[in-house]
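So the structure is just underneath, and the comments pick up after that.
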Amino acid sequence: MDHERRRFLRLGLVGTLAAAIPWKKGSAAAPMATPGASGPVILSTWDHGLAANQKAWEVLEKTGSVLDAVVEGVAVVESDLSNRSVGQGGSPDRDGHVTLDACVQDHEGHAGGVAFLEHFEHPIQIARAVMERTPHVLLVGEGAERWARENGFKERRIQVPEVQAAWKEWAKKAEYKPIVNRENHDTIGQIALDSKGLMAGSCTTSGMAYKVHGRVGDSPIIGAGLFVDGEAGAACATGTGELVIRIAGSHTVVELMRQGVAPEEACRQAVERILRRNPDLKGHQVGFLALRADGAHGAFSIYNGFTYALSTTEGHLLREAPFARRWEE
Ligand code: ASP
């Protein structure tokens, strides 16, 4: 993919967003918005971020809630059974199970997540319910599934034949080697700022293809795959989750912005930290997106090819992030 590639889709987004957000959790008062913020701005990882951004923008216009927007935005990608890295169409683990991880965080840092979940179409909606209906942040596996059922989420037991066939082919080779190249990790992370200066973020994935059963990556972990602090900004990550967790990647990016580092530079410094700590690293992609509380934004990845969707009142745009290295073909 050409580094300079830019696709611009004008979709008639100019217009004012609905006013009045009903603030849901805890207090009667709305959280303090960021003075001088110039939203709406929505960023999402990879090409599928465009569909997620379009939906998020519609929801923001309709409900005025940036939290609704980031949840419903990524839910579109979860529903797409042709997507091999998000939702139930995702690639399975070593044992043939498609296991899903997701999290969400709001302007004030309230957070919810689920990990190692199998039988639900929308892990992101369950993550939001964990945030809003429990005193906890993260539920996993069987316990998360039981809690979801008890809380009105409907199970969906499906298998995608092509996915199972590809896994069977892979499983014929006795050697355990999860695939970590650029083809098979494409989590969707979405971070957003509304016109009143409120922020939220979401992240959802089927994780690394052919991982060990039980493996959880960065995506459902607050501070790793996603971090939102309305005072400073928001960040999300994609790529090899273990590398992101080890440096608390999204938290690192937001904290750098808090100290005055510009968004793209904050992403670059997080990538450089990964590269410094792993001098022999080859073939692992990691990409970060950053959105500052005033609407400034940026991205950076280890390798070329990390695309992201950017939505503003100007329209929806697909960009490729600046990078540290080029894939050797
Ligand atoms: N970060 C995800 C994980 O490690 C993979 C991805 O971005 O696709 O599970």
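Data overview
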{"item": "For region 255-285 and region 31-81, distance of Cα centres in Å", "result": "25 Å"}
{"item": "Selection of trypsin sites (Lys or Arg not before Pro), region 267-329, meeting DSSP coil and at most 11 other Cβ within 10 Å", "result": "282, 326"}
{"item": "Cα-based Lys pair tally, the chain, threshold under 23 Å, eight or more apart or on separate chains", "result": "16"}
{"item": "Loop GluC sites (Glu not before Pro), region 250-318, which have at most 11 other Cβ atoms in a 10 Å radius of their Cβ (DSSP)", "result": "314"}
{"item": "Interchain or long-range residues, amide H under 5 Å from residue 306's placed H", "result": "321"}
{"item": "Chymotrypsin sites (Phe, Trp or Tyr not before Pro) restricted to region 230-329 and DSSP loop, no more than 14 other C-beta within 10 Å", "result": "327"}
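Read the figures in this text as sums done on the coordinates, not as results from a lab. Note that the coordinates shown come from a computational prediction; the quantities given were computed from them, not determined experimentally. Neighbour counts run over all protein chains shown; Cβ positions are idealised from the backbone, glycine included.
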